[in-house]
């Protein structure tokens, strides 16, 4: 797995977190009593376990309104269990698992190593997902049936004041000098070579403060989500690679030359 030559590269990108994930048909026979067995697959590298709330299913649909309802109606018994976080020794990586979802996160930590690049994260994700796939097959007679995949890049851009938006984002006019806060989000449909939609690219720009309230920043989140061409690991990885490419190209397009120079952009 090598980096495509046509993608821009940055020596010091403002990247704070990267998430790769797949959603699949629920493992019906799985319950919380099996959680320990799943953790043992990864515990040597991910020794810390945390429980988190379940993620709701998400599907990108086309040809009508793409409704992801905030109010959900449940018929029958609601899903039980929890989402497990397996945290690495260096706290930079975590795996997330629930009976219909598997993700990997890379998170920037001040004391830890530099960003390992997409290729490194994708290899770790593939290896871990294949380990899980074998476990589910051997212990639950389950064939992995992936129905969605997603990749997320979260960037934190420190600023002196929020009126600087135009210095960083080419999509924002900096004519207003007293901006108190900024929140903007939009999405676009991504089509394949035949012109058929298969994914969405979500953009979110927010003004944020540090925990102590002393520092300001813009948080730029780019999410690529949709259905891979097949339901297997190979198809999911191909989809994620396309998503990475779309995100990097869009990041370049919506940020300014000033930002590119500071981040050390190379072509």
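Read-outs throughout are calculated quantities, based only on the coordinates presented, and are distinct from any laboratory measurement. All of these numbers come straight from a predicted model, not from anything done at the bench. Cβ: placed from backbone, ideal geometry, glycine included. Neighbour counts: every protein chain shown.
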Cα centroid separation - the range 104-148 against the range 201-244, whole Å: 16
For the range 151-267: Kirkwood Rh in Å [reciprocal of mean 1/r, alpha carbons]: 15.7
Listed peptides 115-128, 135-148 by packing density, highest first (mean Cβ within 10 Å): 115-128, 135-148
Ordering of 164-170, 88-94 by packing [mean C-beta count within 10 Å, highest first]: 164-170, 88-94
Residue order, fewest to most beta carbons within 10 Å, for 258, 203: 258, 203
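Can you put 5, 133 in order of Cβ neighbours within 10 angstrom, beginning with the fewest?
Ranking 5, 133 by Cβ neighbours within 10 Å, fewest first, gives 5, 133.
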Within the chain, helix-based [θ] at 222 nm, where runs of 4 or more DSSP H residues each add -39,500 (n - 2.57), nearest 500: -7500 deg cm²/dmol
FRET efficiency, 1/(1 + (r/R0)^6) with R0 30 Å, evaluated for residue 139 and residue 204 via beta carbons: 0.20
Ranked packing of 241-254, 189-202, most packed first, by mean Cβ within 10 Å: 241-254, 189-202
Separation in nanometres of the label points that stand 7 Å from Cα toward Cβ, at residue 183 and residue 55: 2.3
Packing-based exposure ordering (other Cβ within 10 Å, fewest first) of 9, 56: 56, 9
Rounded tilt (10° steps) of 117-140 against the dominant C-alpha axis of the chain: 20
Cβ-derived FRET efficiency at R0 45 Å, residue 29 paired with residue 114, nearest 0.05: 0.65
